[in-house]
1. Can you name the residue in the range B:228-251 that is part of a loop (DSSP other than H, G, I, E, B) and closer than 21 Å to B:ASP173 by Cα and, of all such residues, is farthest from the chain's Cα centre (by Cα)?
2. Can you tell me which residue among B:GLU187, B:GLU242, B:GLU233 is open to solvent by less than 20 Å² (accessible area, probe 1.4 Å), within 15 Å of B:SER266 (Cβ to Cβ) and either charged (D, E, K, R) or without any contact (Cβ under 8 Å) to a residue 24 or more places away in the chain (or both)?
3. From the list B:ALA181, B:ALA189, B:ALA133, which one is in the same structural domain as B:PHE103 (by TED's automatic domain parsing) and modelled with pLDDT under 95?
4. Residues being open to solvent by less than 30 Å² (accessible area, probe 1.4 Å) and part of a loop (DSSP other than H, G, I, E, B): count how many of those fall in the range A:134-164.
5. Of everything in the range A:165-184, what is free of Cβ contacts under 8 Å to residues at least 12 places away in the same chain and either at positive phi or not in a loop (DSSP other than H, G, I, E, B) (or both)? Give them in sequence order.
6. Condition test on A:THR247, is it among the polar types (S, T, N, Q) and within 14 Å of chain B (Cβ to nearest Cβ)?
7. Being surrounded by 20 or more Cβ atoms within 10 Å (Cβ to Cβ) and free of Cβ contacts under 8 Å to residues at least 40 places away in the same chain is the filter here; which residues of the range B:72-105 pass it?
2 protein chains.
Amino acid sequence: MSDYADPDILVSTAWVAEHSRDAGIRVVEVDVDTSSYAQGHVDGSIGWNWQTELQHAVRRDILDPLGFAELMRRSGITPDTTVVLYGDNNNWFACWALWLLSFYGHAKLRLMNGGRKKWIEEKRPLSTATVAATPSHYPVPAPNLDLRARRDHIFAVLEGQRSAHLVDVRSPDEFTGKVIAPPGMTETAQRGGHIPGAASIPWAQAVLEDGTFKTADALRQLYAGKGVTGDKEVIAYCRIGERSAHTWFVLRYLLGYGRVRNYDGSWTEWGNIVGAPIERELAATAVG
Amino acid sequence: MSDYADPDILVSTAWVAEHSRDAGIRVVEVDVDTSSYAQGHVDGSIGWNWQTELQHAVRRDILDPLGFAELMRRSGITPDTTVVLYGDNNNWFACWALWLLSFYGHAKLRLMNGGRKKWIEEKRPLSTATVAATPSHYPVPAPNLDLRARRDHIFAVLEGQRSAHLVDVRSPDEFTGKVIAPPGMTETAQRGGHIPGAASIPWAQAVLEDGTFKTADALRQLYAGKGVTGDKEVIAYCRIGERSAHTWFVLRYLLGYGRVRNYDGSWTEWGNIVGAPIERELAATAVG
């Protein structure tokens, strides 16, 4: 892993198996399927429910600084704790949680390469024990606003007031507008298509079959091949911001791009906003 | 009907039956169920499909001035034509179309009281004949921006920079946040609840069993009873702006409120916007 820009950000399943109960380390599972943790998790890990614990309870927003500090406290995390994240679906929400921690300035972060799937495929033990965290002290943080894209950033890019690469990490059918959301998904929008000028680089192209990340060279080729380089800011988006957090992680930590934002509003915001510019590319597929 | 502020805005089914082919009159059917017109319509009427003809084809927006003029031209409507609107579901999208015409300054507007349902219940004839409109001339209009609320108006009201009554015309369960959208509806949002400070006055309370409007006195009581008077601007919203167009129609034409806006972005915009303030009232229903 040593050719990554920040090789320490990734830890292996074997490393986690050995250190999951070490002092100063807190392993946290965050899943798309919020019932997975209860079915069995890494020994010593705690679970965060992205729907009820990582977001504002009423309005659509991430935790505010007070809510974030409270989450850290009840999780037994101090500013000096190394937080190791992992989860299902190729670490989608584990990356999202890592983005949130980074947004609030938590310094010591790790991601378990391959996530829950790799752990299970290696037949490593799953615990159903409840983990009681000793409440900690955690100061109310200031957000690092440079890591987050808001709708106004996107409008500014489209109006030429900002310069940024836009990366759409959804599936090709979502990008073209053939579908508004993958089948069965409830997070939908009024319109299909993509933000004008965005490059289509589905998140899954960054990982291997076993869910671990491709080499730095392969990743660099992937993004640079679509014109997405570190020369200017990059904004990644998907539908609700979790798949784009995965790409955000790749660009920021594995390739070391200096300015990468996750647009957590993503398509469920953009595709519902009155007047927001959209491109659709259905014509090409309809022409036989 | 003479106690309405603008009694001429409403026409009866009997009047339409007599005048639907008069020179200078164009009857237009606009339905929620876009297949209804083809199944049978008022003789001489043309049909507009709200999904494909009244909105921008790609981004979420109403027709732009050029698109609107083109719609009028191919519908054989000139600035001097009296446009009589009707449709299914208590004239929801007929009201929405009337709002659109009003937004673009078309002066001569009528709504058939009771809509398609009343016409059918009275066993009036339904035609399946295709109506060929002679293309007309229609100048590209300037919009009357005072009739439309944008998300920034709502933010300004919430931040105390504007004064307006907000009226939520959705069902009580949508208002409280118990459901995000009625069952089976695809227009949904990330969050349930309502805009803080909005009065809950479901659109259906403005009509009688047969779909015709209540008397002016009853309507005045209904809205004033919830504090929504003509003393300041009123902004109505629902989920995609069609039910709120119905309430907009009532307030503007039947009660004669001077400043009424339809928020066509409505809940599918607001409930998806990152950081938009929302109120939910589930606690009260959970307390036994």
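1. The initial filter retains those residues of the range B:228-251 that are part of a loop (DSSP other than H, G, I, E, B), namely B:228-232, B:238-242.
Filter once more, so that each one left must be closer than 21 Å to B:ASP173 by Cα: B:228, B:238-242.
On the way: B:VAL228: 18, B:CYS238: 10, B:ARG239: 12, B:ILE240: 10, B:GLY241: 7, B:GLU242: 4 Å.
Checking each candidate, the answer is B:VAL228.
2. Values: B:GLU187 fails: open to solvent by less than 20 Å² (accessible area, probe 1.4 Å); B:GLU233 fails: within 15 Å of B:SER266 (Cβ to Cβ).
From the options B:GLU187, B:GLU242, B:GLU233, the qualifying one is B:GLU242.
3. Details: B:ALA181 fails: in the same structural domain as B:PHE103 (by TED's automatic domain parsing); B:ALA189 fails: in the same structural domain as B:PHE103 (by TED's automatic domain parsing).
Answer to the selection: B:ALA133.
4. Residues meeting the conditions: 4.
5. Across the range A:165-184, the qualifying residues are A:ASP173, A:GLY184.
6. Details: among the polar types (S, T, N, Q): yes; within 14 Å of chain B (Cβ to nearest Cβ): no.
Answer is no for this residue.
7. Listed by number, the list holds a single entry, B:LEU101.
Results for (1) outside the structural domain of B:ASP210 (by TED's automatic domain parsing); (2) part of a strand (DSSP E or B); (3) basic (Lys, Arg), shown as yes or no for each residue.
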residue: B:GLY67; (1), (2), (3): yes, no, no
residue: B:VAL83; (1), (2), (3): yes, yes, no
residue: B:ASN90; (1), (2), (3): yes, no, no
residue: B:TRP96; (1), (2), (3): yes, no, no
residue: B:TRP99; (1), (2), (3): yes, no, no
residue: B:HIS106; (1), (2), (3): yes, no, no
residue: B:ARG110; (1), (2), (3): yes, yes, yes
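The values are calculated or read from the model by the stated rules, or taken from the named source; none is laboratory data. From a predicted model like this one, the values you see are computed outputs, not experimental measurements. So basically every Cβ, Gly included, is an ideal-geometry build from the backbone, and we count neighbours across all protein chains shown. Side chains included, ligands, DNA and RNA excluded: accessible areas come from the protein's heavy atoms. Shrake-Rupley method; radii C 1.70, N 1.55, O 1.52, S 1.80 Å.
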